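Okay, so here's the structure we're looking at.
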């Protein structure tokens with residue numbers, strides 16, 4: 001297997017690097033202020049605690065998960081999850097989920113794993129999100145490995161091959177589960193769909209049959225269901241509206257960071273996370289498919305079906321579907337005053353765009369798409 005030194009520029013930090021990095025992070029005042037605010041502890045006590053830990057797993061369990069718990073209390077209605085206990089603590093899994101929030105998707109999955117005393121997973125994160133040195137340090141001390149983005153075309157193949165080898169190395173040699181999104185970037189329109197290119201990247205490290213190799217990775221779909229998306233009207237709708245007009249959308253400086261902060265602090269309504277089971281048995285049926293692209297497309301469709309089947313639909317999804325289709329099909333599933341509450345929320349989130357019918361349609365589609373996808377697998 002490829003030597004670990006080849007992964008130096010993408011790997012997370014190791015336990016023996018932990019103390020050095022946290023001491024460097026102590027110098028980032030806005031970060032420390034935020035940690036103190038959420039954990040409601042003085043800075044000296046935070047520093048003492050962080051330096052008392054000997055492993056990154058312990059740091060995640062004691063500090064990071066406490067931080068996530070505060071986020072849940074401050075900005076989530078009800079939080080629930082299921083399916084973790086069907087996973088074997090002695091196995092590793094390639095957790096493949098839909099992607100809605102830059103920070104919270106992976107953080108909440110690890111929160112659930114830690115809550116059941118499972119080892120947390122390593123996290124794939126795009127290099128485009130690491131605009132500042134302290135952010136890079138913070139994510140790498142949280143078991144994040146880097147997926148290189150916006151690199152020269154001539155470097156893309158080798159970067160993908162190295163990433164594929166790292167994923168295999170982590171699952172098989174480090175005995176660490178991994179979380180990665182089913183596609184590059186968030187599903188801003190609420191339409192969750194696996195990109196076969198992700199599966200192609202996984203298979204780059206395969207020596208034998210591609211299907212056997214993918215089965216060995218224990219690909220396990222996870223469904224993340226947020227009732228509300230704090231970034232919906234202010235960030236996602238304007239981007240989708242501009243693209244609808246055929247115009248290129250160029251992110252403003254610091255936009256990703258603003259999305260991260262709003263995703264953490266903003267109201268998310270209720271959240272449910274459903275851990276599925278490995279798709280190994282289901283994809284064995286594709287053994288006779290010889291065409292590589294056809295094989296990957298079929299496997300991607302299996303993952304999509306599992307994500308849709310396990311997706312927890314909320315009031316926002318049902319109301320948006322009915323408003324979009326001028327129907328009352330799902331009215332029995334509304335919360336009390338659910339339609340009025342969601343409409344008030346929508347107009348507030350859209351702000352100046354609330355009188356733009358195209359913007360309203362995009363907003364409704366964003367919340368209705370999970371219902372449409374779920375209907376397709378009934």
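The values are calculated or read from the model by the stated rules, or taken from the named source; none is laboratory data. Since we're looking at a predicted model, the values are computed, not measured. Cβ: placed from backbone, ideal geometry, glycine included. Neighbour counts: every protein chain shown.
From the set of residues in segment 291-335 that are part of a helix (DSSP H, G or I) and touching a strand residue (DSSP E or B) at 6+ places or on another chain (Cβ under 7 Å), which is farthest from residue 268 (Cα to Cα)?
Step one: of segment 291-335, the residues part of a helix (DSSP H, G or I) are 292-310, 315-325, 331-333.
Next cut, touching a strand residue (DSSP E or B) at 6+ places or on another chain (Cβ under 7 Å) only: 303, 306-307, 310.
On the way: 303: 25, 306: 23, 307: 20, 310: 19 Å.
Top of the filtered list is 303.
Return yes or no: is residue 370 within 22 Å of residue 309 (Cα to Cα) and touching a strand residue (DSSP E or B) at 6+ places or on another chain (Cβ under 9 Å)?
Values: within 22 Å of residue 309 (Cα to Cα): yes; touching a strand residue (DSSP E or B) at 6+ places or on another chain (Cβ under 9 Å): yes.
Yes, satisfied.
How many of the residues making up segment 97-112 are in a helix (DSSP H, G or I) and farther than 12 Å from residue 223 by Cα? Outline the logic, then answer.
Looking only at segment 97-112, we keep the residues that are in a helix (DSSP H, G or I), and these are 104-112.
Those left that are additionally farther than 12 Å from residue 223 by Cα: 104, 107, 110-112.
Summing the residues that are in a helix (DSSP H, G or I) and farther than 12 Å from residue 223 by Cα in segment 97-112 gives 5.
Just give me the residues in segment 113-140 being under 23 Å from residue 222 (Cβ atoms), more than 17 Å from the chain's Cα centre (by Cα) and not in a helix (DSSP H, G or I), in sequence order.
Selection gives 116, 117, 118, 119.
Residue-wise test of (1) touching a helix residue (DSSP H, G or I) at 6+ places or on another chain (Cβ under 9 Å); (2) under 25 Å from residue 114 (Cβ atoms); (3) modelled with pLDDT of 95 or more.
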{"position": "229", "(1), (2), (3)": "yes, yes, yes"}
{"position": "237", "(1), (2), (3)": "yes, no, yes"}
{"position": "242", "(1), (2), (3)": "no, no, no"}
{"position": "245", "(1), (2), (3)": "yes, no, no"}
{"position": "255", "(1), (2), (3)": "yes, no, no"}
{"position": "296", "(1), (2), (3)": "yes, no, yes"}
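Determine which single condition residue 12 fails, assuming it passes every other condition in (1) within 25 Å of residue 128 (Cβ to Cβ); (2) modelled with pLDDT under 95.
Among (1) within 25 Å of residue 128 (Cβ to Cβ); (2) modelled with pLDDT under 95, residue 12 violates only (2).
Here's the yes/no breakdown for (1) in contact (Cβ under 8 Å) with a residue 40 or more places away in the chain; (2) in contact with a strand residue (DSSP E or B) (Cβ under 7 Å, 6 or more places away or on another chain):
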| site | (1), (2) |
| --- | --- |
| 183 | yes, no |
| 202 | yes, no |
| 206 | no, no |
| 220 | yes, yes |
| 225 | yes, yes |
| 234 | yes, no |
| 242 | no, no |
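Condition (residue is out of contact with any strand residue (DSSP E or B) (no Cβ under 6 Å at 6 or more places or on another chain), surrounded by fewer than 22 Cβ atoms within 10 Å (Cβ to Cβ) and assigned to a helix (DSSP H, G or I)) applied to segment 267-279: is it met by at least one residue? Please lay out each step first, then the result.
Quick first cut of segment 267-279, residues out of contact with any strand residue (DSSP E or B) (no Cβ under 6 Å at 6 or more places or on another chain) only: 267, 269-270, 277.
Pick out the ones that are also surrounded by fewer than 22 Cβ atoms within 10 Å (Cβ to Cβ) and you get 267, 269-270, 277.
Applying the additional criterion that residues be assigned to a helix (DSSP H, G or I) yields none.
Checked against the condition, which is being out of contact with any strand residue (DSSP E or B) (no Cβ under 6 Å at 6 or more places or on another chain), surrounded by fewer than 22 Cβ atoms within 10 Å (Cβ to Cβ) and assigned to a helix (DSSP H, G or I), segment 267-279 yields no hits at all.
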